[in-house]
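K.L.:
My questions all concern the structure below.
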Amino acid sequence: MRETAARNGWVDLQVNGFMGVDFSSPNLTEDDFVRACRLIRRRGTSVFLPTIITSPLRVYERNLPLMARVMKRGEFRTLVPGFHVEGPFISGEPGAVGAHNPDWVCKPDLKFMARLMEAADGLVRLITLAPEAPDAISLIRWVSRRGVVVSLGHSLAGEEEIARAVKAGARLVTHLGNGLPQLIHRHQNFIWAALANDDLSVMIIADGHHLPAAVIKTILRVKGPERVIVTSDSSPVAGLPPGRYRVLGNSAVLEKSGRLYNPQKKCLVGSSATMARCMKFLRSLNLLDSRGLAMVGRTNALKCLAGSVSQACGEQSHLPIVEHGGSIILPETVRQQEARGSTGVGWG
């Protein structure tokens, strides 16, 4: 990998694990996490959020401080600026719950959330929840005031519920087009409502399996590249050879094509791709120029994180960005590359 890829690589807001390391495993060790972080960086990702999916409280209270200790080391402070907590306040309905364990889904609870934030030592940057869940609006307000970015996902919410969540502080949608039942109402559904809300940016998984090219094109045309963020949603088996694996509590099959799925639940179980691989696929669709690719693969995610860090931590942060006068300024090298239309990163 080129030196520029390591220095100014992609930004990934949803990484569940890598090369056999599961960030939600009750057996996770600091050495495992360190190894995964270094491998992810070598694959062209310069900033990422380790993601814990819906789990029992004991797993959050064990794994969040374990990873936080590593994240505070000098080597990792820029690479891993915080956590994405995906769940447990999501929909437990079949399809919407996706690969998460419905037995561990729970309704939004401020005390529960406060314990997670304490366990994470203030490093929760992003949370995914279902806005239709009881007391979700109160929790959205509470965490937003504390600098946590709220993303809507694994949800069956409609237009009004989404609008209330946005008014309370929600800003993003998690993996739009996924985490849903196979059959939904053709008009009144979460996808249309999220696309229609002009105050929401959306995250998409562009691995070639989660969304067809036509859907990716539609999302980009509706939202524009300035309101789309690509994530890998990489699973703990990303980087491993095809085969059968136990993944995030699922019996899953990793095909030669890279498709990772649970045959019984008939759902995908995260992806087997890196951000570099996702961006290479997106580039092959010829939907965006180099500047647009840099926006959806890096700049937009950095802007999202900048607001979270500055609100939660004050002016001192460890992200490769500077907030000044309400605007986000990227490092000079990145701005020069984007002005020339060059991403300056490897494509995997």
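K.L.:
Here is a list: R41, R7, R35, R69. Which entry is at pLDDT below 95 and not polar (S, T, N, Q)?
P.N.:
R7
K.L.:
On to the next question. Could you look through region 138-169, keep only residues that are over 13 Å from L200 (Cβ atoms) and of a type in the set (S, T, Y), and pick out the one that is nearest to the chain's Cα centre (by Cα)?
P.N.:
S144
K.L.:
Anything in region 253-281 that is over 23 Å from P102 (Cα atoms) and outside any loop (DSSP other than H, G, I, E, B)? List them, or say none.
P.N.:
M275, A276, R277, C278, M279, K280, F281
K.L.:
While we're here: In this structure, is F89 assigned to a loop (DSSP other than H, G, I, E, B), under 16 Å from the mean Cα position of the chain (by Cα) and buried (at least 23 other Cβ atoms within 10 Å of the Cβ)?
P.N.:
yes
K.L.:
Moving on to the next point. Looking at D199, D121 in this structure, which one is within 27 Å of M71 (Cα to Cα) and among the acidic types (D, E)?
P.N.:
After applying the criteria, what remains is D121.
K.L.:
Still on this structure, please answer the following. Only strands (runs of 3 or more DSSP E) wholly contained in region 181-251 count here; list those with 1 or more residues that are among the hydrophobic types (A, V, I, L, M, F, W, C) and on the phi > 0 side of the Ramachandran plot.
P.N.:
Fully inside region 181-251 and qualifying: nothing.
K.L.:
If you go through region 10-28 one residue at a time, how many are among the hydroxyl-bearing types (S, T, Y) and either at pLDDT below 95 or under 19 Å from R277 (Cα atoms) (or both)?
P.N.:
Adding up the residues that qualify gives 0.
K.L.:
Looking only at region 6-39, which residues are assigned to a helix (DSSP H, G or I) and either surrounded by fewer than 16 Cβ atoms within 10 Å (Cβ to Cβ) or more than 16 Å from the chain's Cα centre (by Cα) (or both)?
P.N.:
Hits for region 6-39 are A6, R7, E30, D31, D32, F33, V34, R35, A36, R38, L39.
K.L.:
Among the numbered criteria (1) aliphatic (A, V, I, L, M); (2) surrounded by 24 or more Cβ atoms within 10 Å (Cβ to Cβ); (3) in a loop (DSSP other than H, G, I, E, B), which single criterion is violated by I127?
P.N.:
Result: I127 passes all but (3).
K.L.:
Mind telling me which of the residues N27, N63, N16 ends up being within 22 Å of L240 (Cβ to Cβ) and free of Cβ contacts under 8 Å to residues at least 12 places away in the same chain?
P.N.:
Testing whether each residue is within 22 Å of L240 (Cβ to Cβ) and free of Cβ contacts under 8 Å to residues at least 12 places away in the same chain leaves just N27.
K.L.:
Looking only at region 31-71, which residues are touching a Lys or Arg at 6+ places or on another chain (Cβ under 9 Å) and basic (K, R)?
P.N.:
R43
K.L.:
Among the residues of region 54-86, what is the count of those that are under 21 Å from R38 (Cα atoms) and in contact with a Gly (Cβ under 8 Å, 6 or more places away or on another chain)?
P.N.:
Matching residues across region 54-86 total 1.
K.L.:
Tell me whether region 40-49 contains one or more residues that are assigned to a loop (DSSP other than H, G, I, E, B), in contact (Cβ under 8 Å) with a residue 12 or more places away in the chain and at positive phi.
P.N.:
Yes, region 40-49 contains a residue that is assigned to a loop (DSSP other than H, G, I, E, B), in contact (Cβ under 8 Å) with a residue 12 or more places away in the chain and at positive phi.
K.L.:
So which of G95, G122 ends up being touching a helix residue (DSSP H, G or I) at 6+ places or on another chain (Cβ under 9 Å), in contact (Cβ under 8 Å) with a residue 60 or more places away in the chain and assigned to a loop (DSSP other than H, G, I, E, B)?
P.N.:
G122
K.L.:
Let me ask you something else. Of all the residues that make up region 242-281, how many are without any contact (Cβ under 8 Å) to a residue 12 or more places away in the chain and surrounded by fewer than 18 Cβ atoms within 10 Å (Cβ to Cβ)?
P.N.:
Qualifying residue count for the region: 4.
The values are calculated or read from the model by the stated rules, or taken from the named source; none is laboratory data. Being a predicted model, the structure only gives us computed values, none of them experimental. Counting neighbours? That spans all protein chains shown, and the Cβs are built from the backbone with ideal geometry, glycine included.
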